[in-house]
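Comments concern the structure below.
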Amino acid sequence: MRSRFGLGLLLVTACVAALQGACGRTSQPAARAAGAGPESAAWDALSALYLERAFQRDPGLAVAQGRHEHDGKLMDMSVGAIARWVAELHELRARAEAIPSAGLDGPRRFEQKYLLATVDASLFWSERVRDHERNPLVYANAVDPTVYLTRAYAPLEQRLVAYIAHARGIPKVVEAMISNLHRPLPRTFVDVGVKVFGGLVPYLGQEVPPIFASVKDARLQAELSAASALASAAVLRATDWLEQQRATANDAFVLGPERLRELLWATERVDVSLEVLQAAGQRDLEQNLAALASACSALVPGSSLSACAALIADDKPTAGPVAEARAQVAELKNFVLANELVSIPGDEEARVEEAPPYKRWNQAYIEIPGPYEVGLPSIYYIAPPDPAWSDEERKGYLPGRMDLLFITVHEVWPGHFLQFLHANRVERALGRVFVGYAFAEGWAHYAEELTWQAGLRKEDPRAHIGQLLNALLRDVRLLSAIGLHTGQMTVEQSEQLFRESALSDAANARQQAARGTFDPAYLNYTLGKLIIRKLREDWTRTRGGRAAYRAFHDQLLSYGGPPLPLVREAMLGSAADLL
C-alpha cells in the first residue's frame, strides 16, 4: 500500500494554492472560498497549513506522494522532534475544533471531521502507544529508499542526487532508533526488524549501485559509492543491534483492552465494544467455513477442508507468481469493465514485480504513486519465500493460482489500485491524501467477495475456494488481533488458529501471527469489509438493489479514504448500526 497502515504513519500530502498547477489540479475549493464566509476561509487556510506542516515533519511521506521539493530529506526521529510534533498536533487540533462547523458548507464540515480523525490517529500512535519507543518498523519505514529507485518521476541523474542525500541521512535515523527503543523488545518486533534491516544490507550495498550505473557523472558516482557505504554500515549496525536484543526479548507486546478499544475510535471512529466486534468476526468466520465446506464438497466429495485447501494451494502457477499475476491483472480489468462494478476514472496501469529483499515481511503489496505524480505506473510486488526456510515451507509459501487470483483482486482490480485512482482525484485535499486503514483494506477485501459474487471465474469451482481462503485469513486476523492484545491468546495460539481456521501453511501462519503483535490494526481488513457490506445493503435497499451497486461504489470511493463511520453518516444520515 501507499501508506504504513496500523504503524502510526499516515499519509499526509498537500497541494496548496501556489503548487496547484504543478500538481495538475484546479483550485476550485480555494476559488470558492474567496467569496465564502470567514469560517470557510479560515478552514481552508488551516487545512492547507496542517497538510504542509505534516509534509515538513515527514519529508519521506511527502516524497512518496509526489512532493519532490522534499527529495533526499529524512524525518527527524529524535525524541525532541517527536515531542514537538505531538505538541503541534494538539495545537492544530484545537484550532480545527474552534472553527464553528455551522459556518462551513457540507464538504468542509465533512473535512473538519476527517482532519480531526487523522490527527487523533497520529496522536494515538505517537502519544498513547509511543510506537517510536517499541517498534523498529517505524525507523525502517523512515529510511525506505524505494521511491528513488523504482519510480521514474524524474531523470535518473536527478533521482541519484536525491538518493545520495537520503542515504547520507540513514545513519542518523539508525542512531535515533537505538537511542529511542525501550529494552527489552518483544521478540516478534526484533524478528521483523532484523528481517527488514537485514534485507536492506545487501540491497543498499549490492543492488542499488547498478540501478544508477548509466549515470556518467564521475563525481556523482563517487558520492554514491561513499553514501552507499555509509548507509550500508548503518543498516548493518541496526541489524546487529537488533540481533543483540534477542537475548532479552520478551512477549510484552500487548496493548490491553482499553488501548485496543481506543485504537478503534482514535484511528477509525468505530464505536463498538470489543465483544461486539469479536462476535461479528466469529460469525463471518463461521459463515465462510460453512461456505468452504460446501464448495469443497462440490469439488471433491468427501474431502476434508485441509485436503481441499491443500489441493488449491498445490495448484501453483507454472511460470511463477509474478508471471501469473501479470496475466491476472489484464483479466481483472476487463472483468470490472464488463460487469460495470465500479467506474475506472483514469488510464493508469499497475506493473507486477518481485518484492525487494528488505520488503518481504508480507506476501504481497502495491506501491501507488501519490496524487501529485502524473502518468506513473503503480507496482504490485509479490514476495518470494525466504531462502532460510525449509524446502517444504518455501513450497507452501508460494501462493496457488486461485489464492493469487484474489490477492491480485485485492491489490489491483478492483482493490487498492482502483480505490487510489479514485482517491487521487477527490476534490478536497484531505480525501486525496489521508487514506485510512479500514477504508483501504476494507475496500480491497470487500472487492474479493464482490468479484466472486459478480461471477469471476464462475466456470471454475476452485475460484470460490480461493476467495474463501483469503476471507478466512482476514477473519482470523481480526480474532487474533483481539485475542493477542487483550491477553486472551498467545502468539503460538494465534499461529495455531491460522493453521486450523484459515488453513494457512506453516510459514504464512507464523508470519501472520507475528504481524498481529506489531500491527494490531490488521483487524481492519474484516472490520472494513463488514462496514462496507452493511452500508451497501442499507444504501441500495431503496435504490434498486444490485442495479445500484456501481452507483454505490462510485459514491463510496468519492470520499477518498476517511473513517468509514463518517462515510456512513454522510450517505445515510447516521453512523449507527455499523455492523
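The values are calculated or read from the model by the stated rules, or taken from the named source; none is laboratory data. Note that the coordinates shown come from a computational prediction; the quantities given were computed from them, not determined experimentally. A quick note on method: Cβ atoms are made from the backbone with ideal geometry, for glycine too, and the neighbour counts reach across all protein chains shown.
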Open item on the list: Quick check on my filter: what residues within region 189-233 are basic (Lys, Arg) and at pLDDT below 95?
Closed with: LYS195
Task: Boolean, GLU427 is touching a Phe, Trp or Tyr at 6+ places or on another chain (Cβ under 7 Å), among the charged types (D, E, K, R) and within 28 Å of ASP44 (Cβ to Cβ) - done: no
TODO: Could you tell me whether region 253-268 includes any residue that is among the polar types (S, T, N, Q) and either loosely packed, with under 15 Cβ neighbours inside 10 Å or in the same structural domain as ARG183 (by TED's automatic domain parsing) (or both)?
DONE: no
Task: Criterion: without any contact (Cβ under 8 Å) to a residue 60 or more places away in the chain, touching a Phe, Trp or Tyr at 6+ places or on another chain (Cβ under 9 Å) and not hydroxyl-bearing (Ser, Thr, Tyr) - qualifying residue of LEU535, LEU557, LEU484 - done: LEU535
Task: Pairs, first farther than 18 Å from ALA62 by Cβ in region 157-168, second among the aliphatic types (A, V, I, L, M) and not in a helix (DSSP H, G or I), C-beta under 7 Å, six or more apart - done: GLU157/VAL215; LEU160/VAL215
Open item on the list: What's the total number of residues in region 306-352 that are in contact with a helix residue (DSSP H, G or I) (Cβ under 7 Å, 6 or more places away or on another chain) and farther than 23 Å from GLU449 by Cα?
Closed with: 2
Task: Answer residue from region 341-400, given it is in a loop (DSSP other than H, G, I, E, B), without any contact (Cβ under 8 Å) to a residue 40 or more places away in the chain and acidic (Asp, Glu) and is nearest to LYS316 (Cα to Cα) among those - done: GLU349
Task: Residue check, LYS333 under 24 Å from the mean Cα position of the chain (by Cα), surrounded by fewer than 21 Cβ atoms within 10 Å (Cβ to Cβ) and in contact (Cβ under 8 Å) with a residue 12 or more places away in the chain - done: yes
Task: Residues being in contact (Cβ under 8 Å) with a residue 12 or more places away in the chain, over 20 Å from ALA551 (Cβ atoms) and either among the basic types (Lys, Arg) or surrounded by fewer than 16 Cβ atoms within 10 Å (Cβ to Cβ) (or both) - total across region 565-578 - done: 1
Open item on the list: So, ALA152, is that one of a type outside the set (Phe, Trp, Tyr), at pLDDT below 95, more than 28 Å from THR188 (Cα to Cα) and surrounded by fewer than 20 Cβ atoms within 10 Å (Cβ to Cβ) or not?
Closed with: yes
Task: Considering residues of region 89-112 that are charged (D, E, K, R) and within 27 Å of GLN56 (Cα to Cα) only, the residue surrounded by the fewest Cβ atoms within 10 Å (Cβ to Cβ) - done: GLU91
Open item on the list: Among the listed residues SER122, SER126, SER179, identify the single one that is under 25 Å from GLU243 (Cβ atoms) and among the small types (Gly, Ala, Ser).
Closed with: SER179
Open item on the list: Condition first: among the aliphatic types (A, V, I, L, M) and surrounded by fewer than 17 Cβ atoms within 10 Å (Cβ to Cβ). Now tell me which residues in region 231-252 satisfy that.
Closed with: ALA233, ALA247, ALA252
Open item on the list: Among the residues in region 409-427, are any part of a helix (DSSP H, G or I) and over 17 Å from the mean Cα position of the chain (by Cα)?
Closed with: no
TODO: Using the structure shown, decide if ARG457 is touching a helix residue (DSSP H, G or I) at 6+ places or on another chain (Cβ under 9 Å), of a type in the set (Lys, Arg) and either assigned to a helix (DSSP H, G or I) or surrounded by 20 or more Cβ atoms within 10 Å (Cβ to Cβ) (or both).
DONE: no
Open item on the list: Filter region 469-506 down to the residues that are polar (S, T, N, Q) and modelled with pLDDT of 95 or more and list them by number.
Closed with: SER480, THR486, GLN488, THR490, GLN493, SER494, GLN496, SER501
